[in-house]
Amino acid sequence: MLKHFISKVCGKFIFAPRIMICIPSQVTEVEKKAVIDAASQAGARKVYLIEEPIAAAIGAGIDISKPCGNMVVDIGGGTTDIAVISLGGSVVSTSLKIAGDKFDEYIVKYIKKKHNIMIGERTAEDLKVNIGCVFPKIQDTEMDVRGRDLITGLPKTITVHSSEMLEALIEPAMMIVDSVHSVLERTPPELAADISDKGIYMTGGGCLVDGLDKLLQEKTGINVMIAQDTVSCVALGTGKALDNLDVLEGKARK
Ligand SMILES: Nc1ncnc2c1ncn2[C@@H]1O[C@H](COP(=O)(O)OP(=O)(O)OP(=O)(O)O)[C@@H](O)[C@H]1O
Ligand SMILES: [Mg+2]
């Protein structure tokens, strides 16, 4: 698959390309080596690794080369990466397996328990994107979904309200908030003060769940901003990092 994408981007190349690959912040040395080996075998001349939150920060337009603290919370599909970044590297970070896909799972479980209806993960994602919320909405919204009635075994349509989504999603959302809290607790005081001045940046598709920014802001007392082009932040940041390898020297490695 890697080979396919390399040839798609580079065409028929004379020189093997340099490749930068994004990895979650908490991967082990063995996992890093596996990524480098796979890319080398797929035809890379040189492989650079960059941690996802750092790429997300660059993609969000943050100048990470300065000696001040920046906090990035990147909520993807599989993982949420939380990091405090300063001088081009992460100072404190954590990665948890609670993100967009887990939110979908919680919705499936909730609908099954409350309505006795089994819905698929795609339907759950539709509910999350359209009426999902983790902070009370001023106006309740609703959506009709189809699932299988667990008692009769037949298809059934039900109306789901955004207030129900709040009940379903508050638990995983609070797990993310608690992790942000624990990263802040481990952050050196000067950097924590910078974060409190500048705010927390949220990136990744998962942060688009309605009210996640408000919930984090309420629980931490720190201003929370959703980055522009949030879904593409990591990809954009990785591209920019490859253009400015000198800045990341020592952080991106072969
Ligand atoms: N408008 C939206 N509202 C709520 N969730 C959304 C929205 N758009 C995308 N998502 C969710 O964002 C998640 C994907 O985000 P993203 O593309 O950042 O993940 P990823 O980078 O592929 O995953 P990972 O970082 O874990 O490897 C999915 O769970 C998707 O349902
Ligand atoms: Mg991601």
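Key figures for this structure:
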{"read-out": "Members of region 39-63 found to be outside any strand (DSSP E or B), within 16 Å of ligand 1 (Cβ to nearest atom) and touching a helix residue (DSSP H, G or I) at 6+ places or on another chain (Cβ under 8 Å), listed by number", "value": "GLU52, ILE54, ALA55, ALA56, ALA57, ILE58, GLY59, ALA60"}
{"read-out": "Number of the exception - GLU125 against (1) more than 16 Å from ligand 1 (Cβ to nearest atom); (2) out of contact with any strand residue (DSSP E or B) (no Cβ under 9 Å at 6 or more places or on another chain); (3) at pLDDT 95 or above", "value": "(1)"}
{"read-out": "Matching option when the condition is touching a strand residue (DSSP E or B) at 6+ places or on another chain (Cβ under 6 Å), among the hydrophobic types (A, V, I, L, M, F, W, C), closer than 26 Å to GLU51 by Cα and away from ligand 2 (no atom under 16 Å from the Cβ), among VAL91, VAL73", "value": "VAL91"}
{"read-out": "All positions within region 128-140 that are modelled with pLDDT under 95 and either among the basic types (Lys, Arg) or touching a Ser or Thr at 6+ places or on another chain (Cβ under 7 Å) (or both)", "value": "LYS137, ASP140"}
{"read-out": "From the options ARG186, ARG148, residue that is under 22 Å from GLY88 (Cβ atoms), of a type outside the set (S, T, N, Q), in contact (Cβ under 8 Å) with a residue 24 or more places away in the chain and away from ligand 2 (no atom under 16 Å from the Cβ)", "value": "ARG186"}
{"read-out": "Selection from region 54-70 of residues that are in contact (Cβ under 8 Å) with a residue 60 or more places away in the chain and under 14 Å from CYS233 (Cβ atoms)", "value": "ILE54, ALA55, ALA56, ALA57, ILE58, GLY59, ALA60, GLY61, ILE62, ASN70"}
{"read-out": "Odd one out for ASP126, checked against (1) of a type in the set (D, E, K, R); (2) within 22 Å of THR203 (Cβ to Cβ); (3) buried (at least 17 other Cβ atoms within 10 Å of the Cβ)", "value": "(2)"}
{"read-out": "Counted residues, region 4-20 - those being surrounded by 11 or more Cβ atoms within 10 Å (Cβ to Cβ) and at pLDDT 75 or above", "value": "8"}
{"read-out": "Only listed residue being modelled with pLDDT of 95 or more, away from ligand 2 (no atom under 15 Å from the Cβ) and either outside any helix (DSSP H, G or I) or among the basic types (Lys, Arg) (or both), chosen from LYS66, LYS112, LYS32", "value": "LYS112"}
{"read-out": "Residues within region 128-141 that are closer than 11 Å to GLU164 by Cβ and within 13 Å of ligand 1 (Cβ to nearest atom), tallied", "value": "3"}
{"read-out": "Given (1) in contact with a Cys (Cβ under 7 Å, 6 or more places away or on another chain); (2) of a type in the set (Val, Ile, Thr); (3) over 22 Å from GLY88 (Cα atoms), index of the condition VAL177 fails", "value": "(1)"}
{"read-out": "Region 69-109: number of residues that are of a type in the set (Val, Ile, Thr), part of a strand (DSSP E or B) and within 16 Å of ligand 1 (Cβ to nearest atom)", "value": "6"}
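The values are calculated or read from the model by the stated rules, or taken from the named source; none is laboratory data. Please read these numbers as outputs of a predicted model, since none were measured by experiment. Neighbour counts are summed over all protein chains in view; Cβ atoms, including those assigned to glycine, are modelled from backbone coordinates with ideal geometry.
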